[in-house]
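Data block below; observations after.
The values are calculated or read from the model by the stated rules, or taken from the named source; none is laboratory data. What you see is a predicted model; the values in this text were computed from it and never measured. Here the Cβ positions follow ideal geometry from the backbone for every residue, glycine too, while neighbour counts run over all protein chains shown.
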Amino acid sequence: MTASVIVVGAGPVGLSAALAAASLGLTPLVLEARRRDDERPGSRALFVHRATLRHLDAVSPGLGARVARDGLTWGTHRTLWAGREVHRRSFPPGEGPPPFTSLPQTALEDLLREACESSGIPVLWGEAVVRAAGRPGGALVRTASGAEHRAGHVIACDGPRSAVRAGLGVAMEGATSSAEFLVVDVDEGAVPAAPERVFHYRHPALRRNVLLVPFRGGWRIDVQCRPDEDAARLTGRIGDWLPLAVPHLRAPRVTWTSAYRFQQRVASAFTDPYGRVLLAGEAAHLLPPFGARGMNSGIADAVAAAHAVRDDAVRRYAHERRRAAHRNVTAAASALGHLLAPRLRQRVAQRTAALAAPLWPAAGRWLDAAPYGPRLRAVRY
Ligand SMILES: Cc1cc2nc3c(=O)[nH]c(=O)nc-3n(C[C@H](O)[C@H](O)[C@H](O)COP(=O)(O)OP(=O)(O)OC[C@H]3O[C@@H](n4cnc5c(N)ncnc54)[C@H](O)[C@@H]3O)c2cc1C
């Protein structure tokens, strides 16, 4: 069968795009550079928003519910200032999809891959795309093996170093912060009995901002390096500080470490001049993990891209999803400004809020929410 749409990349965004396309009656073909069994290490995107669970249920009935069931939803989140609690909120379990679930990106990708397989969506593994070009009436894709594929449209979900984007001559615009963050995955070997997300301003032992996020199978520890501190050196001393960061774990075993900087970059265009190639996910925008906008907004792109292909509304897709990406970048900038607090008045405001929090809960709520940036609809479709 000839594909009506070619999806480049079998990451979470590409697999979602393929499922969305198939659910709308299109015939997708996925081309992926990796081999099927290549390992993808690390937790990476953990936090799956309710809006994303709904998208997944819409493109593959039952998938969102399965993701929610396999993930972990914590009932409490807490924020501490130099070891003193300034905010705590607990959520009773509710009806319907949970507000979020936390599971490693690799586990989500496995579920997406299974859903593609049971929908009969063909995926060609080990098939790296070198170029995709639109032209009147369709698009042509060339792969490193010399194969050529033709289709009505291409949805490029080939990640941050997108060869498709580069081939179209589309630039990434925006900034990357110089401040480094270190991510450490720790395998506890068991599901935490009472999982909770904890954010520490000035962790009393580490004297840095530290975020602790549970997921099914372990914990993720996100440490904000001090200005001019080298994340690699902090990683080298992990044995000294890790037990202080997670004193509640008896035998933490490090399974993955990674350093990152806040990326706030958006492609200068989300489509080619013919409206035949659509960019989605990290091929189109780079966002930091805080706020969990990267993968969640990428899956919203994927669903929107499939609708745009079916409805012949690519220009609108390009305009709306680019605007959403810019809103996410603005939110990420606000989160970063709060985390770094470079100005004296920001530091004074935070310290004052920490002092006022026991008497004025709104101050604690602000300290709890601000590291993630404002809540937005931009991650949704
Ligand atoms: C440390 C870290 C923590 C993160 N935490 C979060 C988080 O908490 N929440 C969140 O929402 N996001 C988070 N992210 C971001 C998240 O991982 C990305 O947003 C997500 O992976 C993007 O998905 P994607 O499908 O667009 O790209 P990718 O996951 O990069 O997938 C791209 C796919 O395309 C394939 N490919 C590449 N080039 C080609 C080619 N030429 N031809 C064919 N195939 C190709 C790749 O092999 C890959 O399979 C985090 C990222 C990192 C690094």
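The numbered conditions (1) away from the ligand (no atom under 16 Å from the Cβ); (2) assigned to a strand (DSSP E or B); (3) at pLDDT below 90 are all true for residue 192 except (2). Residue check: residue 24 meets all listed conditions (1) in contact with a strand residue (DSSP E or B) (Cβ under 7 Å, 6 or more places away or on another chain); (2) in contact (Cβ under 8 Å) with a residue 60 or more places away in the chain but one, namely (1). Restricting the stretch 267-289 to residues that are part of a loop (DSSP other than H, G, I, E, B), near the ligand (Cβ under 10 Å from one of its atoms) and at pLDDT 95 or above leaves a set whose member that is farthest from residue 176 (Cα to Cα) is 280. Residue-level check: of (1) basic (Lys, Arg); (2) touching a helix residue (DSSP H, G or I) at 6+ places or on another chain (Cβ under 9 Å); (3) within 9 Å of the ligand (Cβ to nearest atom), residue 66 misses just (3).
Each row is one residue, and each column tells you yes or no for (1) exposed (fewer than 15 other Cβ atoms within 10 Å of the Cβ); (2) charged (D, E, K, R); (3) modelled with pLDDT of 95 or more.
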{"site": "137", "(1), (2), (3)": "yes, no, no"}
{"site": "144", "(1), (2), (3)": "yes, no, yes"}
{"site": "149", "(1), (2), (3)": "no, no, yes"}
{"site": "158", "(1), (2), (3)": "no, yes, yes"}
{"site": "164", "(1), (2), (3)": "no, no, yes"}
{"site": "167", "(1), (2), (3)": "no, no, yes"}
{"site": "177", "(1), (2), (3)": "no, no, no"}
{"site": "180", "(1), (2), (3)": "no, yes, no"}
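Only one of the numbered conditions (1) surrounded by fewer than 20 Cβ atoms within 10 Å (Cβ to Cβ); (2) in contact with a Leu (Cβ under 9 Å, 6 or more places away or on another chain); (3) within 29 Å of residue 313 (Cα to Cα) is not met by residue 116, and that is (1).
Let's see how each residue does on (1) part of a helix (DSSP H, G or I); (2) within 20 Å of residue 291 (Cβ to Cβ); (3) at pLDDT 95 or above:
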site	(1), (2), (3)
347	yes, no, yes
351	yes, no, yes
371	yes, yes, no
379	no, yes, no
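Looking across 170, 130, 154, 183, one residue alone is more than 9 Å from the ligand (Cβ to nearest atom) and assigned to a strand (DSSP E or B). It is 154.
When 259, 302, 292 are screened for being assigned to a helix (DSSP H, G or I), in contact (Cβ under 8 Å) with a residue 12 or more places away in the chain and within 16 Å of the ligand (Cβ to nearest atom), only 302 passes. Against the test of being within 16 Å of the ligand (Cβ to nearest atom) and either surrounded by 15 or more Cβ atoms within 10 Å (Cβ to Cβ) or free of Cβ contacts under 8 Å to residues at least 40 places away in the same chain (or both), the options 110, 57 yield a single qualifying residue, 110. Among the residues making up the stretch 14-48, those that are out of contact with any Phe, Trp or Tyr (no Cβ under 6 Å at 6 or more places or on another chain), within 18 Å of residue 147 (Cβ to Cβ), within 10 Å of the ligand (Cβ to nearest atom) and part of a loop (DSSP other than H, G, I, E, B) are 33, 34. Answer with yes or no whether residue 89 is more than 22 Å from residue 288 (Cα to Cα), touching a residue at least 24 places away in the same chain (Cβ under 8 Å) and in a helix (DSSP H, G or I). Here the answer is no, as residue 89 does not meet what is asked.
The requirement of being more than 22 Å from residue 22 (Cβ to Cβ) and either at pLDDT below 95 or away from the ligand (no atom under 11 Å from the Cβ) (or both) is not satisfied by residue 308.
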